[in-house]
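Visitor: Before anything else, here's the structure in question.
The values are calculated or read from the model by the stated rules, or taken from the named source; none is laboratory data. What you see is a predicted model, and the numbers here were worked out from it, not measured in a lab. Neighbour counts are summed over all protein chains in view; Cβ atoms, including those assigned to glycine, are modelled from backbone coordinates with ideal geometry. Side chains are part of the model used for accessible areas, which takes the heavy atoms of the whole protein and leaves out ligands, DNA and RNA. Shrake-Rupley method; radii C 1.70, N 1.55, O 1.52, S 1.80 Å.
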Amino acid sequence: MNNSIKNLLLISFLILNSIFANAQGTRKIPSEKPKLVVGIVVDHLRPDYYFRYSNLIGDGGFKRLMNQGTYCKNTKFSYLYSQTGPDHATIFTGTPPAYHGIISSGWYNRLSGELNLAKNDANSKLVGVESEEKGKSPKNLLAPTIGDEIKLFNDHSRVIGIGLNSEATLFSSGHAADGAYWMDDLSGKFITSSYYQDTIYNWVNEFNEKKFADFYMDRIWTPYDGENKPTVSDKILGKVGLNNEFYYDLNKEKRTYGYKAIKATPFGNMLVKDFAIASIINENLGRDDDSDFLALTFSCLDYKHRELSPFAPEMVDNFIRLDREIEHFLNFLDEQIGMENVLVFLTADQSANYTPENLQAQNIPNGYFSSYNAMALLKSYLNVMYGNGEWILGYDSQQVYLNRQLIEDSKLSLEDMQVKAANFLIQFTGVANTIPANSLIKANYTHGIMQKVQRSFNQKRSGDVMITLEPGWMHKIKDESDEIAQYSYTNQVPLFWFGWKIKRSTITRSVQVEDIVPTISNFLNISIPAGCDGNPIEELTQ
């Protein structure tokens, strides 16, 4: 009996050992460092979309990231004023607007009195299309990006940035990138800036000649039914609670708005994914031990967030279809390079905000703030206090710019006028705080809302009075070209890590968006970019 047991145990051991050896032989061993790092930013992706709509998506996209990677559940921006430009700059530099300088999509030039867009560069021109549009570059970005640091460490590494919009693409690509490509609204082509290259590369021309934008716009957009046909699925309607179907003739939209119309549809994300795949193949990304970097921005959740609830049928459909594109892209990376060699992180810039209508339906405080009315009344007040004059240079992104040249010529105190303007504006319904710029220069705030405002404030570029709104309040659409997400729930974004040596886990402690860059630096064994004030996520680097 004893011999029989011993023999049985020996046979079992040999079988298990054989199985283990075979498993070891087929297991894909991660490279020493990632051969390719892919940073994906999804404009206006709410953290709750995954949990709210997980029953409507497949297993290979967001669920694969969640089930096989690490999810940082409590990730936030450390500053108050959140927009596309500032957020992309922060994600890829690891430092807030106070230091990287992209405080908004634009700011007023004190000398000319003009509103300068952060992406514009008079010394650059567009490459890949004949256009009279102003040139664009990342020159206004004051801090280096993770891509810049990768190039400084090894010039053989390739750094590429891709998106539908120039602003997001430029500030995620950085200064030293080998290419930054975005879609031209008039032609539907992917173009770049002379800041990076004098002529468009052949593979980009070949991609543009296939006219994918025309292909994607030649269709009807209705809710996804599982077969990509223009019919409405009762199953999806029932699960999401949609009562009304939407219907968009994209050919008609293109005739009205040009190729820009694709940016409000899920097919814009498809176009970005297609171009990203073409760039990986043609630039040979991830093919050797020189770690490459690819920055992608999917922005189709962005363009209808101003007019629609974040839970409107169009927004839900965008998310469902985005999940399929992420699945396709991950499969491509796995097949072509191997996920054991690729590190992916996926996060968002500002997440979509509840509209006042959403809040009103639940009796939650809400409202719209009219900056137009506020500035008109402030102008009248300053005229009464100081005499008639153009005391206000402009208003942008919840910042009041005073006419400093006129104030100086009139021998008045700038600090006094800042304080009086702030005290006047605090009286408006919906305004939570008004902060004179001088108080942000003199004081060092270490916590609370004032610290967040200070991390958004750049002494050279910010306005003279900073305004914050009460929770549930937002600007009227007609007042601003962009919308500020400024409260804790909109400053929270998802953060997924996937591939390479990433394990399955959930990190519940607070993580700052600025922590992404130093974490990647640790993985690549390179220096943290100058100005970066984030910290490596220790749970990932151990």
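Visitor: Pop out the carbon and sulfur fraction of the accessible area of the chain as a percent, whole number, probe 1.4 Å.
Guide: Numbers: 11340 of 23520 Å².
With neighbouring chains kept in place, the figure for the chain is 48 percent.
Visitor: Where the only charges are on Cβ atoms (+1 Lys, Arg; -1 Asp, Glu), what is the dipole of region 398-542 about its Cα centre, to the nearest 20 debye?
Guide: On the way: 14 positive and 15 negative charges, 57 e Å.
Its charge dipole is roughly 280 debye.
Visitor: Further question: Taking K and R as +1 and D and E as -1, what net charge do the other residues with C-beta under 11 Å from the C-beta of Lys63 add up to?
Guide: Details: positive: Arg64; negative: Asp59, Asp323, Glu327.
Counting the neighbours of Lys63, the net charge comes to -2.
Visitor: Using alpha-carbon positions, what is the distance between the centroids of region 274-325 and region 105-124, in Å?
Guide: That distance is 29 Å.
Visitor: Another question about this same structure. Express in whole angstrom the spacing between the alpha-carbon centres of region 60-76 and region 403-424.
Guide: Going from one Cα centre to the other spans 49 Å.
Visitor: In a shell of Cβ-Cβ distance under 10 Å around Asp289, excluding Asp289 itself, what net charge do Lys and Arg (+1) and Asp and Glu (-1) give?
Guide: Numbers: positive: Lys33, Lys35, Arg287; negative: Glu32, Asp288, Asp290.
With Lys, Arg at +1 and Asp, Glu at -1, the net is 0.
Visitor: So what's the Cα pair-distance distribution over the chain, bin width 20 Å, in %?
Guide: Cα pair-distance distribution for the chain, in percent: 21, 52, 23, 4, 1, 0.
Visitor: Only helical DSSP H runs with n ≥ 4 go in: add -39500 (n - 2.57) per run for the chain, normalise by residue count and round the 222 nm mean residue ellipticity to 500 deg cm²/dmol. Please list the in-between numbers first.
Guide: Values: 22 runs with 210 residues, N = 542.
One gets -11000 deg cm²/dmol as the mean residue ellipticity at 222 nm.
Visitor: Roughly speaking, what is the stretch gain from Ser413 to Ile277, that is 0.36 nm per residue apart minus the C-alpha to C-alpha distance, in nm to one decimal? Present the calculation step by step, with values, prior to reporting the outcome.
Guide: On the way: separation 136, 0.36 × 136 = 48.96 nm, distance 5.70 nm.
Fully extending the segment from Ser413 to Ile277 adds 43.3 nm.
Visitor: Add +1 for every Lys or Arg and -1 for every Asp or Glu among the other residues with Cβ under 13 Å from the Cβ of Leu126, and state the total.
Guide: Numbers: positive: Lys119, Lys125, Lys134, Lys136, Lys189; negative: Asp121, Glu130, Glu132, Glu133, Asp184, Asp185, Asp198.
Neighbourhood net charge equals -2.
Visitor: For labels at Asp225 and Glu130 in the simple 7 Å Cα→Cβ model, what's the distance in nm?
Guide: It works out to 4.4 nm between the two label points.
Visitor: Nearest 5 percent is fine: what portion of the DSSP beta bridges confined to the chain is antiparallel? Write out the running numbers ahead of the final one.
Guide: Details: 32 of 63 bridges.
Approximately 50 percent, going by the DSSP bridge assignments.
Visitor: Considering only DSSP states other than H, G, I, E and B, which chymotrypsin sites (Phe, Trp or Tyr not before Pro) in region 118-220 qualify as loop sites with at most 15 other Cβ atoms within 10 Å? Intermediate values should be presented prior to the final figure.
Guide: Details: sites: Phe153, Phe171, Tyr181, Trp182, Phe190, Tyr195, Tyr196, Tyr201, Trp203, Phe207, Phe212, Phe215, Tyr216; in loops: Tyr195, Tyr196, Tyr201.
Here no chymotrypsin sites (Phe, Trp or Tyr not before Pro) fit, given the DSSP loop and packing criteria.
Visitor: Pulled fully out, how much extra length does the chain show between Arg509 and Asn388, if you take 0.36 nm times their separation in residues and subtract their Cα-Cα distance? Show your work: numbers first, answer last.
Guide: Details: separation 121, 0.36 × 121 = 43.56 nm, distance 5.37 nm.
In short, 38.2 nm is gained.
Visitor: Let me ask something else about it. Among Ile320, Ile160, Gln398, whose Cα projects farthest towards the positive end of the dipole of the chain, with charges put on the beta-carbon of Lys, Arg (+1) and Asp, Glu (-1)?
Guide: Ile320
Visitor: Under unit Cβ charges (Lys, Arg +1; Asp, Glu -1), what dipole magnitude, rounded to 20 debye, does region 325-479 have relative to its Cα centre? If you can, show how the numbers build up before the last one.
Guide: Numbers: 11 positive and 16 negative charges, 193 e Å.
Here region 325-479 has a charge dipole of around 920 debye.
Visitor: Can you tell me the dipole magnitude for the chain around its Cα centre, using point charges on the Cβ only (Lys, Arg +1; Asp, Glu -1), in Debye to the nearest 20?
Guide: Values: 52 positive and 63 negative charges, 213 e Å.
For the chain, the charge dipole is close to 1020 debye.
Visitor: A follow-up question, please. I need the helices of the chain that pass two filters: whole DSSP H segments spanning 20 Å or more by Cα along the axis, and mean Kyte-Doolittle score no lower than -0.5. Walk me through the numbers before you get to the answer.
Guide: Numbers: long enough: 2-26 (36 Å, 0.71); 266-282 (25 Å, 0.91); 313-336 (35 Å, -0.58); 371-386 (22 Å, 0.41).
Helices meeting the span and hydropathy rule in the chain are 2-26, 266-282, 371-386.
Visitor: For the chain, what is the accessible area per residue in Å², given a 1.4 Å probe and the full set of protein chains? Working shown, then result.
Guide: On the way: 23520 Å² over 542 residues.
So the chain comes to 43 Å² accessible per residue, rounded to a whole number.
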